[in-house]
Every structure is written in structure tokens, then in C-alpha cells.
Amino acid sequence: MLPAGDDAPSDPAGGKPSNDIETIVLISIDTIRADRMSCSGYQHRTTPSIDELAASSLFIQESFSTIPLTLPAHSSMMTGQVPPTHGVHDNLGMRLPDEALTLAEILQRNGYATYGIVSTVVLDSKFALDQGFDVYDDSFVDEAENSAVAQRLDDDTTDNAISWLSANSDKKKFMFLHYYDPHGPYVPPAPFSEQFRDPYDAEIAFTDHCIGKVLDRLKSLELYEDALIIITGDHGEMLGEHDEATHSFCVYQSAIRVPMMFKLPGQAHPVKVTEPCSIIDVTPTTLAVAGIAIPEGMQGTNPLELMQADAFEAGSSTGDGRSGACATYAEW
């Protein structure tokens, strides 16, 4: 997919040829509205750390969840399938089938050490999203006084993730981080609670600060440049629009539009994709960039397939009937 050889042109996103990527990091932000992120044009600077990553990423401008519920959405993200296919339609009362093939399982079979850390009881291992992880850190659930509403704060998630990353820096690895703080109730910590009038914005800023710590550690370990780093969300938040206070029922854009970006190994320039994409594209795209065959049955697609040479000319054809204007270089 990505050309190799000294004389071959670089791939359209400006990254290195994919052959054996040593570090893959998938960050999922729970309950994140794409339009509340400053990298998406929001008026308040809620996401400075993510903005920096976006400035050297394949940036999907229109990305959508499959469902505004955490467990089935993450099941889609990890399997490349929509809920009617993987069978998870709701939180708590369902579990991902054992026969489902997850991104972690595929990477594990291809020699990756796999680590997952989650921040809500909804993703507890009893719901089987832990398939393929050597370590799946959901220990906070057992430690919580009320496991039915248990959550882990983002700074604790970050500390645990950084500890694992530092201890496994020399390994071929896949790390999945799930952040939950933007989910209600919105109780942001200082100083973010003072910096933002809207507590939801403050929660996003707190999560961004935590993500920045992870990115900084990748840099200090000299892993950042050659890593594949994905940031996305499981669903959005209605914030009172259409009479829904949070999420779960409505499928308006506020509830299902999420951020998505892929920082490819060696990528230095941003590329914007305006073609609609979905969280089911995360797994096949990750596998494609890592040079791993995409199994049959995955319903997601790989946005990098849009990055044909003629796709950078407005109005040209990509050969599959889609507009060639779907991806263009852009300065931020």
C-alpha cells in the first residue's frame, strides 16, 4: 500500500513506508464531541496537545460512531464491524462474542505486546472487550465502592499507561487507552475548572492535558516519530439539544460525530480527508498501515486507499467513483 525503496515516492500523507511498526497507540476519548475540539475549529482552545498531533496527521473531518453507547461503539472500533454484525447493541447486559476477532487479537498474533487500560465499568473485562490483550487494566472496578457506576479519572489512567509504556519501550507493542472524564457528570479538576466556563469543555481540556503527557513520554522514549498514533471517540454528547441531556437515544450528529486522526510513522504534514469515515475504519486502517492482512468480514474501510496520486487534484477521479477532492494537504 505504501511504496518502499529509496527511489520510491513517499506516501501521500508524508509518512514512512509501513513495514514492521514497533509502536501502535490507540486513544479513545469517551463522550467527545468533535465540534468541541479546537483542532476542529472550536473557538475555545480545549485541545492544544491533540491539536499538535493533528498538525502532522491524517485528519478525518467527518467521522462517525456506529451507536451512541460505549460498549457497542468500542466493540465496533475494535472489530471493524457494525453492531448488527458483532452482536453488541447495549451497555451492561451484553458481551462481545468470543468468536469476534479484535484488533488486539490480530496484533498479538503478529508479535505485539498488547496493553489496554479502560476507565469505566462499561468496558470491564466481563464484557469481553479484553480479547487479545496481554494486560487489560480494569482493576479499578473491583476497587470501587459502587462498581455499577465505577470510573477511573484520566490522570490515573495516564499514570498507569505511562508506567507500562516505559517498562515495555523496547518491545513491539500495541497500547489502547480509554479516557472517560468528558462523560457526565462534568466535574473537572482545577485549574481546568477555572479556565473554562463550560464544565464539559473543561473536562475535555483535562483529558487533552493527560493525552499530552502520554505523547510527551513517547517523545522522551524516542518512540513518537515512528509510531502509529490514533485518536478517536466512541460517541458524542447532546448537551440538551433536541431535549436529550447526554446521549444514548438520539442519533443526531452531536451524538455520533467524533474526532478521528491517524499520525502515521514519520508523518510531518497534515492531510485532511473530507470523505465520511466511521470508527469501524480504525481496525482495518491500523492493520493496513502495519502491513498486516485485513481479515474477511471487516466492514470498515481504509481511508488511506483514498490517497491516490490523482486524489490531490480537485475534481479528479480516484478510480472508484469518489471525488478526488476528498484529501488535500493543508497548513494549520
TODO: Residue by residue through segment 190-223, note down the ones that are more than 15 Å from Ile27 (Cα to Cα), surrounded by 15 or more Cβ atoms within 10 Å (Cβ to Cβ) and of a type in the set (S, T, N, Q).
DONE: Ser193, Gln195
Task: Of all residues making up segment 39-79, the number that are over 23 Å from Met238 (Cβ atoms) and either part of a helix (DSSP H, G or I) or touching a Phe, Trp or Tyr at 6+ places or on another chain (Cβ under 9 Å) (or both) - done: 12
Open item on the list: Against the condition buried (at least 22 other Cβ atoms within 10 Å of the Cβ) and more than 17 Å from Ile50 (Cα to Cα), how does Pro182 come out, does it pass?
Closed with: no
Task: So Glu222, is it free of Cβ contacts under 8 Å to residues at least 12 places away in the same chain, farther than 21 Å from Asp138 by Cα and part of a helix (DSSP H, G or I) - done: no
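Report yes if some residue within segment 183-193 is outside any loop (DSSP other than H, G, I, E, B) and of a type outside the set (S, T, N, Q); otherwise report no.
Yes, there is a match, as at least one residue in segment 183-193 is outside any loop (DSSP other than H, G, I, E, B) and of a type outside the set (S, T, N, Q).
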- [ ] Check Arg197 against each of (1) among the basic types (Lys, Arg); (2) part of a loop (DSSP other than H, G, I, E, B); (3) closer than 25 Å to Leu103 by Cα and name the one condition it does not meet.
- [x] (3)
TODO: Return only the number of the condition from (1) outside any helix (DSSP H, G or I); (2) within 16 Å of the chain's Cα centre (by Cα) that Ile211 does not satisfy.
DONE: (1)
TODO: Quickly run through segment 73-100 and pick out the residues that are modelled with pLDDT of 95 or more and among the polar types (S, T, N, Q).
DONE: Ser75, Ser76, Thr79, Gln81, Thr85
TODO: Report yes if some residue within segment 10-18 is modelled with pLDDT of 50 or more and either closer than 30 Å to Gly240 by Cβ or hydroxyl-bearing (Ser, Thr, Tyr) (or both); otherwise report no.
DONE: yes
Task: Among residues of segment 263-276, those that are modelled with pLDDT under 95 and assigned to a strand (DSSP E or B), counted - done: 3
Task: Conditions (1) buried (at least 23 other Cβ atoms within 10 Å of the Cβ); (2) part of a loop (DSSP other than H, G, I, E, B); number of the one not met by Glu99 - done: (1)
Open item on the list: Pairs needed: first member in segment 114-132, on the phi > 0 side of the Ramachandran plot; second member anywhere, among the acidic types (Asp, Glu) and surrounded by fewer than 21 Cβ atoms within 10 Å (Cβ to Cβ); C-beta distance under 8 Å; at least 6 residues apart or different chains.
Closed with: Ala128/Asp98; Gly132/Glu105
Task: Matching entry among Ala288, Ala325 (being of a type outside the set (Asp, Glu), part of a helix (DSSP H, G or I), at pLDDT below 80 and more than 30 Å from Asp181 (Cβ to Cβ)) - done: Ala325
- [ ] Please enumerate the residues belonging to segment 124-143 that are among the polar types (S, T, N, Q), surrounded by fewer than 20 Cβ atoms within 10 Å (Cβ to Cβ) and in a loop (DSSP other than H, G, I, E, B).
- [x] Ser139
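The values are calculated or read from the model by the stated rules, or taken from the named source; none is laboratory data. Please read all numbers here as calculations on a predicted model, not as lab measurements. As a convention, Cβ positions derive from the backbone with ideal geometry for all residues, glycine included, and neighbour counts pool all protein chains shown.
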